[in-house]
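See below for the structure under consideration.
The values are calculated or read from the model by the stated rules, or taken from the named source; none is laboratory data. The shown structure was predicted, so the numbers you read here are calculated from the model rather than taken from an experiment. Positions of Cβ are generated from backbone atoms using ideal geometry, with glycine treated the same way; all protein chains shown enter the neighbour counts. Quick note on the areas: whole protein, heavy atoms, side chains included, nothing else; ligands and nucleic acids left out. Shrake-Rupley method; radii C 1.70, N 1.55, O 1.52, S 1.80 Å.
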Amino acid sequence: MSPSSQNRQTIDFGFSEVPLEEKVKKVKGVFDSVAQKYDVMNDVMSLGIHRLWKRQTIELSGVRAGMQVLDLAGGTGDLTKAFAKRVGPTGKVVLADINESMVRVGRDRLIDEGVGAQVEYTIANAEALAFPDNHFDVVTMAFGLRNVTHKDKALAEICRVLKPGGQALILEFSKVHQPLLAKAYDFYSFNILPKMGKFIAKDEASYQYLAESIRMHPDQETLKQMMLDAGFDKASYMNMNEGIVALHRGWKF
């Protein structure tokens with residue numbers, strides 16, 4: 001957020017600026033609108049590649065039997081499902097999301113797929129988590145941080161609830177540096193993606209916001225530094241598909 005935005009108590013909502021207190025409501029409206037078609041749109045707009053991004057996140061998490069895992073902004077439960085199988089009956093996975101519609105879709109989906117005995121569901125604001133200090137072995141946040149009003153507060157909360165020796169993994173759209181790919185990606189994002197949203201999810205505006213919110217998100221190095229400033233003892237990132245997505249990892253010692 002720019003200094004001028006702070007003075008006016010406004011913040012970005014895509015390319016627009018809105019009062020601070022309205023961003024959560026507006027983001028909630030976006031995900032209320034797309035919840036039922038969220039999984040279908042993810043497959044279509046990424047050509048299924050989002051599954052590979054998430055699979056790599058899961059593998060690098062090191063989640064194993066008996067662990068306590070927080071899947072923040074867990075949405076419809078892709079990561080939660082995989083983690084639940086890994087932690088087994090002695091572990092626990094919490095699917096947390098600020099949007100009730102997304103949690104409901106995720107819960108119904110996981111129950112239908114026979115996953116759920118070791119999963120808890122909760123409505124949670126990433127900026128103020130209702131969990132004790134040093135509670136989780138692993139915290140993940142996939143494609144949710146860019147929608148948070150105060151990203152620094154969310155990162156500090158993730159660090160707070162993470163156990164010493166634990167790891168946080170933030171999977172998010174990021175900055176493409178290759179010029180030709182960046183140009184093609186911009187064309188896709190602003191000319192094709194919203195039309196796909198209109199056709200499949202009957203919601204062009206929400207996918208226009210998606211494209212804009214990605215461009216407003218901190219780049220790789222900035223987010224890495226934000227994690228260190230939030231209290232992580234070590235942070236790194238790896239680019240996927242030339243930086244269309246980046247996986248940031250933070251450790252608390």
Original post:
What order do His150, His50 take when sorted by accessible area (1.4 Å probe), most exposed first?
Top reply: His150, His50
Original post:
What share of the DSSP beta bridges in the chain is antiparallel, in percent to the nearest 5?
Top reply: 45 percent
Original post:
What is the extension gain from Lys198 to Glu100, computed as 0.36 nm multiplied by their sequence separation minus the C-alpha to C-alpha distance, in nm to one decimal?
Top reply: 33.0 nm
**OP:** Quick one: pull the percent of accessible area on the chain belonging to carbon and sulfur, 1.4 Å probe, ligands and nucleic acids left out.
**Re:** 54 percent
Original post:
Which residues in the stretch 88-104 place their backbone N less than 16 Å from a point set 7 Å from the Cα of Ala117 along the Cα-to-Cβ direction?
Top reply: 88-93
**OP:** Please give the length that would be gained between Ser236 and Arg55 if that part of the chain were fully extended, namely 0.36 nm times their separation in residues minus their C-alpha to C-alpha distance (nm, one decimal).
**Re:** 63.3 nm
Subject >> Accessible area per residue in Å² at 1.4 Å probe, computed on the stretch 118-253 >> reply: 44 Å²
Original post:
Measuring from a point 7 Å past the Cα of Gln36 along Cα-to-C-beta, which residues in the stretch 192-216 have an amide N at less than 18 Å?
Top reply: 197-207
**OP:** Anything over 30 Å Cα to Cα? Flag those among Lys92/Lys202; Lys195/Lys234; Lys153/Lys175; Lys81/Lys175; Lys54/Lys195; Lys183/Lys252, in the order listed.
**Re:** Lys92/Lys202; Lys195/Lys234; Lys183/Lys252
Subject >> Simple label model, 7 Å out from Cα along Cβ direction - Phe253 to His177, nm >> reply: 2.6 nm
Subject >> Descending principal axes extents, the stretch 4-97, alpha-carbon based, whole Å >> reply: 48, 29, 22
**OP:** Give me the accessible area of Arg104, 1.4 Å probe, in Å² rounded to the nearest 10.
**Re:** 100 Å²
Original post:
Which of the aspartates and glutamates could be linked to Lys224 by a straight reach, that is with a Cα gap under 14 Å, when you skip same-chain ones fewer than 8 residues away?
Top reply: Asp152, Glu172, Asp233
**OP:** May I ask you to give the average projected area over all directions of the convex hull of the Cα atoms of the chain, in nm² rounded to one decimal?
**Re:** 12.6 nm²
Original post:
Measuring from label point to label point, each 7 Å out along Cα→Cβ, what is the Arg160 to Gln9 span in nm?
Top reply: 2.2 nm
Original post:
Tell me, what is the Rg over Rh of the stretch 154-253, with Rh the Kirkwood radius over Cα pairs?
Top reply: 1.08
